[in-house]
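The values are calculated or read from the model by the stated rules, or taken from the named source; none is laboratory data. Nothing here was measured: the structure is a model prediction, and the numbers come from that model. Cβ atoms come from the backbone with ideal geometry, glycine included; neighbour counts cover every protein chain shown. All accessible areas refer to the heavy atoms of the entire protein, side chains included, with ligands and DNA or RNA removed. Shrake-Rupley method; radii C 1.70, N 1.55, O 1.52, S 1.80 Å.
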Amino acid sequence: MFSDVKYVCMGGTPKRMEKFAYYIMNEIGCKLPAGTTLLDISYQSYRYSMYKVGPVLCLSHGMGIPSVGILLHEIIKLMYHAKCKDPIFFRLGTCGGIGIEGGNLVVSESAVDGLLQPFLELPVLGKLQRKPAILDKKLAYDLKKIQQLDDPFTITVGKTMCTYDFYEGQGRLDGAFCNFTETDKLAFLRKIHEENVVNMEMESLCFAALCHQAGIRGAVICVTLLNRLDGDQVTASKETLNEWQEYPQQLVARYIKKNMTHR
Ligand code: URA
């Protein structure tokens, strides 16, 4: 059932990935038999959603490193047992831009943790294991290259800071707790910006580390929901956010369409 999978596309929420499944189905011209709909293959697990559209597997991964890590273990095993040949993994997500306005794309060139360390630290059998968080640079720049003049977004390739938390972990002052000031926050954001960090999200470190360990090419494409140098709260309207969240999908669909015939 899975041996023809060439592209694995994952994103945070089940609904967004269901929408992507229908979108990619249309884009690659995959047809369902009359009167049928796509099936959430993992609907009985209640953990995540999974749709297969020809060579594309669409999955939701939930929020944060533990959630995406468990999913990746299971999907990497699936790829292995199904004998899939050189699948490419994409994470399509949202992020906070650092010096980038809302509604633009960032393709991660590399991922670092909240201390700017380029590896995932995982306690295993009572010892800390370090897994290098390395992404495929060529794939990142190939995604940038397919930008079109009439795209409503810019594409920045840069370093992504992956945090363990949305609030204190990303230097927000509007969580339940906060023991730092606006000045402290801005000093930190400006410091990491000088170190070429262009966005913050919560999954790329683990995604990069597990793809690299498995020898799988992987890319992280996120749309910025705000510029963190201007504030903490996401203030764009629901309609605007829905439109922005389609941008990573449009870029990945374009890449898949362009490369499908050669693979
Ligand atoms: N996702 C994040 O992790 N941070 C943001 O600021 C926005 C989306």
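Tabulated results
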read-out: One residue from ASP142, ASP232, ASP150, ASP174 being loosely packed, with under 13 Cβ neighbours inside 10 Å, in contact (Cβ under 8 Å) with a residue 12 or more places away in the chain and acidic (Asp, Glu); value: ASP174
read-out: Scope the stretch 90-118; condition in contact with a Pro (Cβ under 8 Å, 6 or more places away or on another chain) and at positive phi; matching residues; value: GLY103
read-out: Test: residue in the stretch 115-132 that is open to solvent by less than 20 Å² (accessible area, probe 1.4 Å) and out of contact with any Cys (no Cβ under 6 Å at 6 or more places or on another chain); value: no
read-out: Members of the stretch 6-23 that are surrounded by fewer than 21 Cβ atoms within 10 Å (Cβ to Cβ) and not in a helix (DSSP H, G or I); value: LYS6, THR13
read-out: Count - residues of the stretch 66-118 that are part of a loop (DSSP other than H, G, I, E, B) and within 16 Å of the ligand (Cβ to nearest atom); value: 9
read-out: Qualifying residue in the stretch 24-40 (condition: out of contact with any Leu (no Cβ under 8 Å at 6 or more places or on another chain), under 29 Å from VAL198 (Cα atoms) and part of a helix (DSSP H, G or I)); value: yes
read-out: Residues within the stretch 191-229 that are of a type in the set (D, E, K, R) and buried (at least 24 other Cβ atoms within 10 Å of the Cβ), tallied; value: 3
read-out: Matching helices (runs of 4 or more DSSP H) fully within the stretch 162-263 where at least 2 residues are of a type outside the set (Val, Ile, Thr) and away from the ligand (no atom under 16 Å from the Cβ); value: 182-194, 204-214, 247-259
read-out: Residue check for MET63: surrounded by fewer than 17 Cβ atoms within 10 Å (Cβ to Cβ) and among the aliphatic types (A, V, I, L, M); value: yes
